[in-house]
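Here's the structure we're looking at; comments come further down.
The values are calculated or read from the model by the stated rules, or taken from the named source; none is laboratory data. These numbers were taken from a predicted model, which means no experiment stands behind them. Note: ideal-geometry Cβ built from the backbone for every residue, glycine included; neighbour counts use all protein chains shown.
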Amino acid sequence: MAFLFCFPAIAAAGLALDAGLRFTYEDNVIGLLSDQQTGGGNSVVGIQSGAMNGNGPQGYPNTGGSGTGTGTGAGTGTGTAGGSGESPADYSTTISAEAGWLTSLGASSTIFVKGFVLHQAYGTYTFLDTTQGGISAGIGADVTKSVLLNVSIFGAMKQFDDTQRNSSAYGGNLTVKENLTPSFWFRQIVDYELNDADSAYFSYSGITGGLGMGYGFATKTQLALGYNYQVREFDEPSGLEMRTSTAYLGIDQPLGGNWTVSMEYDYQQSKDNVTGMTMTNNIYSLAIRYGY
């Protein structure tokens, strides 16, 4: 699990540990995005309004079929997430941990390897409950005194209560962070992921680009805001593409003793090219983490 303002530090060799607990509320869980990390806090988000009552898997936009539900979506058998009588809103709880090793390469760069695991549980849409684990490795470097560069690759396994979503994934990340002053920074990210699921309906290739900025106060409180844009191309139905925009605002408050509490708001808007419908999701998160 990644956290607000995450960027590998340039440091001496040592062990890095991170653990966190996050509570999230979404007013319109989006199923095709249930495994993604978004916003500044990379919140894991969930279900799509328009879960299938016709042909196709749960949480997928209906492209036809003979179902009898009603609500958002396209085709003749559509419904709100989980069925026509269910609200698309839900709460989820995520527990996560990371452990890794980093070591210096000269005075201005660091290589790192880390393993990570998380478990997320929903209150209503339990078919999206997931356990994920994997490993990542990369290098962070001071390009100049104020510009930091990070490049990493990862591999992961994802297990869901809905086994059609079970998958293996790999990809990479490029992050550039500019410290304009000791308190004010900009950040640009590019992520690529290839997700191979048990069902072609949940197999995709995806790319995300993002811009962010942040300010640190004398109290060590940090405020961040930004925007991410993601494109996912799914194997089935052929030609399905999901485009998602996410704007986020977050705050980090150190509590002392390596503990930090974080709050974040994400406004997410998604549209697929098959049904043509636009879905919005307001995401509210509260997290506490321990870092060493």
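Tell me which residues, restricted to the stretch 212-246, are closer than 20 Å to residue 192 by Cα, surrounded by 15 or more Cβ atoms within 10 Å (Cβ to Cβ) and hydrophobic (A, V, I, L, M, F, W, C).
Scanning the stretch 212-246 gives 234, 240, 242.
If residue 266 passes every condition in (1) farther than 23 Å from residue 24 by Cβ; (2) touching a residue at least 24 places away in the same chain (Cβ under 8 Å) but one, which one does it miss?
Exception for residue 266: condition (1).
Restricting attention to the stretch 153-162, does a residue exist that is crowded, with 20+ Cβ neighbours inside 10 Å, outside any strand (DSSP E or B) and among the aliphatic types (A, V, I, L, M)?
no
Collect the residues in the stretch 100-126 that are more than 25 Å from the chain's Cα centre (by Cα), surrounded by fewer than 14 Cβ atoms within 10 Å (Cβ to Cβ) and among the small types (Gly, Ala, Ser), keeping them in residue-number order.
Scanning the stretch 100-126 gives 106, 107.
Any idea which of 73, 77, 83 is within 24 Å of the chain's Cα centre (by Cα), more than 23 Å from residue 284 (Cα to Cα), modelled with pLDDT under 80 and among the small types (Gly, Ala, Ser)?
On inspection, the qualifying residue turns out to be 73.
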